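Derivation of every value follows stated rules applied to the coordinates shown; laboratory data play no part. Because the structure is a prediction, the values reported are computed rather than measured. Reconstructed Cβ throughout: ideal geometry from the backbone, glycine too, with neighbour counts over all protein chains shown.
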Amino acid sequence: MTFRGNYTSKKARAKGYRSGFEIKIADQLNSLNIKYGYESLKITYIKPVKQSYYKPDFVLTNKIIIEAKGLFSSKDRQKHLLVKEQHPELDIRFVFSNSKIKLNKKSKTTYAMWCEKNGFLYADERIPKSWLYDKEDRIKRQRKN
């Protein structure tokens, strides 16, 4: 909801509604002594599945995927969890401008902590040389699977 000093929206919120139009409907029902509930039901539904695409920032010749992140938004974190779940064969790693940044103002969790919790490797500012030359280890892991 956008607030642009709209008196009706403020008035509606003060009365427990979301809009001036809802107040008008409630007033109509009240004037006719009709009993009703306002937002008294919670109806669950599933949004249709939508195929999405992910284009990694960098794909190294050793098949390591590098994501360069300054801001690591909630939407981005969710995307990476879904990609990891649906493509466990991919080796996605993050390079943050600062992995100590908190996920949001109220969170105690940092970007680094999120990566550790969710099984992603990460680094700060530069790609570690070991990632650039990690081909032998990667081939060994692929042979085991």
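Some values worked out for this structure:
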{"read-out": "If the convex hull is drawn through the Cα atoms of the chain, its volume per residue in Å³", "value": "191"}
{"read-out": "Order of Glu116, Glu67, Glu39 - criterion: other Cβ atoms within 10 Å of each residue's Cβ, fewest first", "value": "Glu39, Glu116, Glu67"}
{"read-out": "Calculated FRET value between Tyr38 and Ser107, using beta carbons and R₀ = 35 Å, to 0.05", "value": "0.60"}
{"read-out": "Descending principal axes extents, the range 58-144, alpha-carbon based, whole Å", "value": "43, 27, 19"}
{"read-out": "Order of Thr110, Thr44 - criterion: other Cβ atoms within 10 Å of each residue's Cβ, fewest first", "value": "Thr44, Thr110"}
{"read-out": "Pairwise label distance in nanometres, Leu71 with His87, each label 7 Å out on the Cα-Cβ vector", "value": "2.4"}
{"read-out": "For q = 0.18, 0.25, 0.33 Å⁻¹, Debye-computed log10 I/I(0) when each Cα of the range 49-90 counts as one equal scatterer", "value": "-0.58, -1.06, -1.32"}
{"read-out": "Ranked packing of 89-99, 121-131, most packed first, by mean Cβ within 10 Å", "value": "89-99, 121-131"}
{"read-out": "On Cα atoms only, tilt of 20-31 relative to the major axis of the chain in degrees", "value": "40"}
{"read-out": "Long-range HN-HN contacts of Ala123 with modeled amide H, under 5 Å", "value": "Phe94, Val95, Phe96"}
{"read-out": "FRET efficiency, Lys117 to Tyr53 (Cβ-Cβ, R0 22 Å, nearest 0.05)", "value": "0.30"}
{"read-out": "Using θ = phi - 60° and Karplus 6.51 cos²θ - 1.76 cosθ + 1.60, couplings along the range 108-123 (whole Hz; Gly, Pro as x)", "value": "8, 7, 9, 4, 4, 4, 4, 4, 4, 4, 9, x, 10, 7, 8, 8"}
{"read-out": "Whichever lysines have a C-alpha closer than 22 Å to that of Lys63, once near sequence neighbours (fewer than 8 apart) are set aside", "value": "Lys55, Lys79, Lys84, Lys129, Lys135, Lys140, Lys144"}
{"read-out": "Cα-based helix-to-principal-axis angle, 74-86 vs the chain, degrees rounded to 10", "value": "60"}
